[in-house]
Every structure is written in structure tokens, then in C-alpha cells.
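The values are calculated or read from the model by the stated rules, or taken from the named source; none is laboratory data. If you're wondering where the values come from, they're calculated on a predicted model, not measured in any experiment. Glycine gets a Cβ as well: all are built from the backbone with ideal geometry, and neighbour counts include every protein chain shown.
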Amino acid sequence: VLALGHDVVPTCIGCLVWLYKDGECPSRCQQQLSNESTDSYNLSITDPTHLETEAKMAIDATTNTFRIIIVGGGIAGLATAIAMRGPQREIIVLEKSRMNKEVGALLSLQPNAQKIVEQWNLKDILQRAKPTAERQFRILDTSGKIHMNIDMDGEKYGADRMVYHRQDLHSALREAALSTELPGYPASIVTAAKVVGCDCETGTITLEDNTTYQGDLIIGADGIHSVVREAVLKAGNHELVHPAPTGVSAYRLLVETTNLAGLDVDKEVFDHTRQATTLIMGHDRRVIMGPARNGDLLGLVGMVPDEHMHESSNPNSWTAPGDLSKLLQTYHDFPQWIRDIFKQAPDIALWQLRDIDALPTWIAGRCIIIGDAAHAMLPTQGQGASQSIEDAEALQAFFADVTAKPNPQQITRRIRKVFEARYKRASLIQAYSRQQAKPATEKGSIKVTLNPAEFLDYNCKYEGAVKWLEQQEAS
């Protein structure tokens, strides 16, 4: 047994590689340690970091294992850890936080992504995350009048639109990534692992404490402030791209639906028990709200142009506090009942929305970036997490035939295929998301002219990366 820090980890006698729960050594060195075995090393460890490094060197030296390093343990990183499971694979997720708590916010998987996670045999795990299937978008003007109803047809798109509490979805994906019940070897997750450097050619990741990890494939899922993106762009001699303010800030609130019993609103206009997302759309401000956790929560996002804010937003935090009185002032001309709902939120968060322009590339050497690192977008279409899931599926598809340690040329060919399959679509959805942030009415009018369903079919009628690439090449 190898003790690292405060953990005691069953470890292979043959090569010091950490064992999986069934006692099998992932390095296939033919030595195993079962839970009943009395054969073990009794090691007095004075320098666990050094011993861990020796263990990592051992697996590289003695195996034909495909080693995948995923930088970032958010939705994109964990989804990729699930998608890339397979024989002869070692998957390591490096996450800078301690994963103690995810952001308290709602998150939707649109049909294009929900059908992918269902194909990963995650139905039971995801049901424990208490998602809400939403059947409709309801568009209201600022007087509270219904402007448009948009039905979400699960049969048409191949899956329902599902809304999760972000923390619940993150926990479910983490469970799946670590599960010994799903096909392929589970991932290992290293927390408090802040990445400060990436060598794309050698596939070497450096942490803040100078620990290094080397992989055959590096996947940068490290978000909008990505370190791996910087390395990829530098490797290709491209200008660095930094997140830019979009001119819009967002309030985020969660309300327990038990607090809405006395709400004074016509149920034809708004009913929190309805499986629907409701949008109240003004000229330059809007509120988006919908249920989650089996209807126990109502999540709300209020989007406001920065010049109309009555307080400053934070570009670097999802959890900076917002002020209720300033929020009410901002939405003074919206229906009274929505302001009454605002008052029921125990906490208000406020952050500045940022995105990035389409990048010149996502790939260099052994590295590819995905998710917000590659195509951060506005939340106006709810496609951010869903595009990350599509990225993970593309990696799965184009690496499906790799059953042993690949050479660098094999890596390069496959990540280029992933890039070719994903770049145009993700970049277009970035642009659509910006377009959907434009004013929803003519100035001085409350009549909604923006059509939130304009890009719905393009977004949701997606059948996977291989088929999409074939269609693009054929046309």
C-alpha cells in the first residue's frame, strides 16, 4: 500500500502504479494486488511526491498504455474523461480547485448534448442529478404579455432539453468518470493541481509546485482563462487571445419554489410548475428563468447592458455578490411579479459576461483545447456546456480505434480531424449566441422582434462529429 499525503492507495507490487478498485494494475505488468492479498509493501514515505513521480515513470516505462492528460475538471473535462475511457488507457484529470463545491447555478444540456450523454450509458447516474425536462420556451414582453411559445420536441431532436443544477451535473459526471462499472478504465482526478505551463510538442504539463505530467495526448479543458490555449497559440506563432467583455453583465439567482406559493401572477402567464423556460424580453434587458431539481428550485438569470448597471460586475468571479436594491432598480419597468420573485432569493450573484473570438486553431503538437478554452460563448442559447459535450464526443469518435499507445503522428492526425469536425460548427454557434444578445425590441417599443428559435434546428439537430464532418465534406 502506497500512502500519499493522507490517502492510502492500493499499489501494484510490480511497478508501483496505483491499482483500480478491482485490484487490476492498469499498466498490465501482470502483477495484481487484491483486497484480500497480504502481499504489499510497507513503505515509510518521507517524500510522497518523489515516490508518486517514480510511479508515473514506471507506468511510462513498462506499458503500452495510451496516456491522456485532461487539464480542467469542470463539465468539459469530466465529460471528456468519460468519453475517452477505453482499454489500455490511463486518463488523468488535473483540476486547480479542490472540487469542494461547484457554482450554485442552473445549466441546461440541449438535445444535441443530452442525446450524447444518454449514449454514454449515464441515464441512471444522471437521473440521480434530478434534472428537469423542459418542453417549451415561453417569450413574454415587459408588460407580461405572452409573445410566443416555442415547443421543444424531444422526438424531433432525439432527446429532451434537460436542466440541471450545475453542482448536481458536475457530481454526476465526476461519479461516471471515476466509476468502475462503466466500460474502460476509470479516470484519476488530481485536485489542487494548478497548471502553469504546457509543452505541446512533448506533451508535458507543469504545475505550480513544479510537478510535471507527461501524456501522449493533452486536452485543454481549462476554461475561458485557459493556460493550454496560450500554449497552443504560442506554438503556432499566433497572437494570444484573451477573454473580452461583451458589454453585458448577468445577475444569477436561485429561489426555492416553496417560497412562490403566494405569488400574484396569472398562471397562464407564469407557472413555476410548468416544464418550461420563461424569457421576459425588453429592449436591452431580459430575464431567463426555469425550474430544476425536480421543480424544487427556480433559477433566474438577468442580463443587463453594462452601461445600464447600477453597480459594478466582476469579470473574474461567478460568485461576486449583487445588490437586491440595485437589481430591482434595473428592472423597475418589468412586471411586479418578477421583482417579487427576485426578493425571494437568499443570495444574488453578479458577473460580467465575456467570450472570445473564433480562434485560428485549437491544436498544436499533442495538444487540443475544447470547451470554453476553445470557444467561450454567451449564454443566450444555452449552448456553452452542450458544445463542450459535443467536443468530448468528437474526441471519442476519432480516437475510438486507438487501443494502445499511439505515436505522435497518430495523435496529430486525429486531433486535426476533431478540429475539422468541430471548428466551423462551434464558431458558428459562438456567432449565433452573440446575435441572440442583440436588442429584443425596437427602441421605445415593447413588441418583441427577436426570435429565440431562429437557430434552434441548427443547434439541436446534430448527430455526432463523424456524421457532421461527412455531411460537410459531401457539400
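Observations on the model:
- Segment 273-298, residues that are in a strand (DSSP E or B) and of a type in the set (D, E, K, R): ARG286
- Helices (runs of 4 or more DSSP H) wholly inside segment 147-258 containing at least 3 residues that are under 30 Å from PHE137 (Cα atoms) and under 22 Å from the mean Cα position of the chain (by Cα): 166-178
- Here ALA244 meets each of (1) touching a residue at least 24 places away in the same chain (Cβ under 8 Å); (2) more than 30 Å from ASP333 (Cα to Cα); (3) surrounded by fewer than 22 Cβ atoms within 10 Å (Cβ to Cβ) with one exception, condition (2).
- Selection of segment 366-391 for residues being touching a helix residue (DSSP H, G or I) at 6+ places or on another chain (Cβ under 6 Å) and part of a loop (DSSP other than H, G, I, E, B) yields ARG366, ILE370, GLY371, MET377, LEU378, GLN383.
- Among residues of segment 200-223 being in contact with a Phe, Trp or Tyr (Cβ under 8 Å, 6 or more places away or on another chain) and touching a residue at least 24 places away in the same chain (Cβ under 8 Å), the one that is nearest to CYS367 (Cα to Cα) is LEU217.
- In the condition set (1) buried (at least 20 other Cβ atoms within 10 Å of the Cβ); (2) in contact with a strand residue (DSSP E or B) (Cβ under 9 Å, 6 or more places away or on another chain); (3) assigned to a helix (DSSP H, G or I), ALA437 is compliant with all but (3).
Residues are listed down the side, and each one gets a yes or a no for (1) over 26 Å from ARG354 (Cα atoms); (2) in contact with a strand residue (DSSP E or B) (Cβ under 6 Å, 6 or more places away or on another chain); (3) at pLDDT 95 or above; (4) among the charged types (D, E, K, R):
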residue: ALA172; (1), (2), (3), (4): yes, no, yes, no
residue: GLU181; (1), (2), (3), (4): yes, no, no, yes
residue: GLY197; (1), (2), (3), (4): no, yes, yes, no
residue: CYS200; (1), (2), (3), (4): yes, yes, yes, no
residue: THR206; (1), (2), (3), (4): yes, yes, yes, no
residue: THR212; (1), (2), (3), (4): yes, yes, yes, no
residue: LEU217; (1), (2), (3), (4): yes, yes, yes, no
residue: SER226; (1), (2), (3), (4): no, yes, yes, no
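- In segment 120-146, the residues that are under 30 Å from ALA400 (Cα atoms) form no Cβ pair under 6 Å with any partner that is at pLDDT below 95 and basic (Lys, Arg), whether six or more places apart or across chains.
- Only one entry of SER226, SER179 meets the criterion of being closer than 30 Å to ILE125 by Cα and free of Cβ contacts under 8 Å to residues at least 60 places away in the same chain, and that entry is SER179.
- Screening ASP340 with (1) in contact with a strand residue (DSSP E or B) (Cβ under 7 Å, 6 or more places away or on another chain); (2) surrounded by fewer than 19 Cβ atoms within 10 Å (Cβ to Cβ); (3) part of a helix (DSSP H, G or I) gives one miss only, at (1).
The rows are residues; the columns are (1) at pLDDT 95 or above; (2) in the same structural domain as GLY302 (by TED's automatic domain parsing); (3) closer than 30 Å to GLN214 by Cα; (4) surrounded by fewer than 24 Cβ atoms within 10 Å (Cβ to Cβ).
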{"position": "ALA397", "(1), (2), (3), (4)": "yes, no, yes, yes"}
{"position": "GLN410", "(1), (2), (3), (4)": "yes, no, yes, yes"}
{"position": "ARG425", "(1), (2), (3), (4)": "yes, no, no, yes"}
{"position": "LEU456", "(1), (2), (3), (4)": "yes, no, no, yes"}
{"position": "LEU469", "(1), (2), (3), (4)": "no, no, no, yes"}
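- Residues that are closer than 19 Å to THR278 by Cα and charged (D, E, K, R) within segment 408-456 comprise LYS438, LYS447, GLU454, listed in sequence order.
- Answer from ALA250, ALA261, ALA292 - the residue that is touching a His at 6+ places or on another chain (Cβ under 9 Å) and either closer than 24 Å to GLY144 by Cβ or in the same structural domain as PRO131 (by TED's automatic domain parsing) (or both): ALA292
- Only one of the numbered conditions (1) assigned to a helix (DSSP H, G or I); (2) of a type outside the set (Val, Ile, Thr); (3) over 23 Å from MET377 (Cα atoms); (4) in contact with a strand residue (DSSP E or B) (Cβ under 7 Å, 6 or more places away or on another chain) is violated by ALA81, and that is (3).
- Scan of segment 392-414 for residues that are out of contact with any Lys or Arg (no Cβ under 6 Å at 6 or more places or on another chain) and assigned to a helix (DSSP H, G or I), ordered by number: ALA392, GLU393, LEU395, GLN396, ALA397, PRO408, GLN409, GLN410, THR412, ARG413, ARG414
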